[in-house]
1. Only Cα pairs within less than 10 Å get springs; with that Gaussian network setup on the chain, which residue of VAL128, VAL151, VAL278 has the largest fluctuation?
2. Could you give the size of the charge dipole of the range 94-215 about its Cα centre, using +1 on the Cβ of each K and R and -1 on the Cβ of each D and E, expressed in debye and rounded to the nearest 20?
3. Tell me which residues come under 5 Å, amide H to amide H, from SER65 once H is placed; ignore anything under 5 positions away on its chain.
4. Angle, helix 219-231 long axis vs. longest principal axis of the chain, Cα atoms, 0 to 90°, nearest 10?
5. Taking only DSSP H segments of four or more residues, each worth -39500 (n - 2.57), what value at 222 nm results for the chain once the sum is divided by all its residues, to the nearest 500 deg cm²/dmol?
6. If you look at just the Cα atoms of the range 109-237, how large are its Rg and its Dmax in Å?
7. Could you quote the convex hull projected area for the range 32-134, Cα atoms only and averaged over all directions, in nm²?
8. Quick one: Kirkwood hydrodynamic radius for the range 54-93, alpha-carbon pairs, angstrom, one decimal?
Amino acid sequence: MHIPDGFLDAKTAVTTGVLATAGVGWSLRQARQKLPARRVPLLGLAAAFIFAAQMLNFPVAGGTSGHLIGGVLAAVLVGPGAAVVVLTSVLILQCFLFNDGGVTALGANIFNMALVAPLAGYTIYRSVHRLTTGLRGMVLAAAFACWGATVLAAVCCAGQLALSGTVPWGKVFPAMTGVHMLIGIGEGAITALVLAAVARTRSELIEEGAPATLRKSYREVLVYGLLLSLGLALFVAPFACGWPDGLEKVAGALGFEHRAAEKAIIPAPLPDYGIPGVRSAPWVTAVVGATGTMVAFGVAWLLARALTPKEER
């Protein structure tokens, strides 16, 4: 759902940029007030995992693929405010390092995937979870929240395209919501599997209110979590589905894919997850993916650490 340069007009790009800046600013304050210092490394781990997982496009239907957004997953693990920080770090990295999402559309992409997805998704999750109990209830609530958050983010994307005059609302709304209803099912399934595994092995990562005797060191979690994220980037990402994602498929079907800018406004060092001058190959994707995973971890961790008061470190 990464919007490229050329799809949005100036007024929409500026408006979404202002909204995204305000939303991220609020989330930074929330994270600074509520994020315990001991959980700071988990933001880096969440960013690394989400970056690697977003490279794993899965087939949906009709030659369309989807990928994890990760908003609800991050919100359940580290809290909604910190989740916005994690997703924003990943999107900025994808934009400037890999040219995945346009610079002029960065505000819109952050608004859709780093604000709407985690905040709206977490609200849905908390509302549904009140009606359920136990691990199964938590997993089902998160899965449904993922589906709802994916569809809501797609609706926002459709609205931005319509406001820009790129494509009429009556055409883009049903197209974007229809395909992302299917993608949301995949997002919900992946999130449910991850949360179920985390809850069974390290429940205190989800239930931060657990007794102090249950709060183990996060060092082991970081090591194994980073190894898992690197494993996804190195050994799974090179074989991900190559079909166009939901937005690309809709752009082709509705005939506005030609509006995407041919050249990036700011050249990326590793455009399209490749190495300039090197022929595309699975090992290239693996190396670039692993590099991005580690950079995402470092950026999110350092940002979270900067938000933590010195006396709490």
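1. Sorting by GNM fluctuation, first place goes to VAL278.
2. Details: 7 positive and 5 negative charges, 51 e Å.
My answer is approximately 240 debye.
3. Counting only residues 5 or more places away or on other chains, the set is VAL60, ASP245, GLY246.
4. Helix 219-231 sits roughly 20 degrees off the main axis of the chain.
5. Values: 11 runs with 191 residues, N = 313.
Value at 222 nm, helices only, nearest 500: -20500 deg cm²/dmol.
6. 17.7, 57
7. Working: hull surface 33.6 nm².
Its average projected convex-hull area is 8.4 nm².
8. Numbers: mean 1/r = 0.0892 Å⁻¹.
That comes to 11.2 Å for the range 54-93.
Coordinate-derived values only; no laboratory data. All of these numbers come straight from a predicted model, not from anything done at the bench. Quick reminder, even Gly has a Cβ in these numbers, built from the backbone with ideal geometry, and neighbours come from all protein chains shown.
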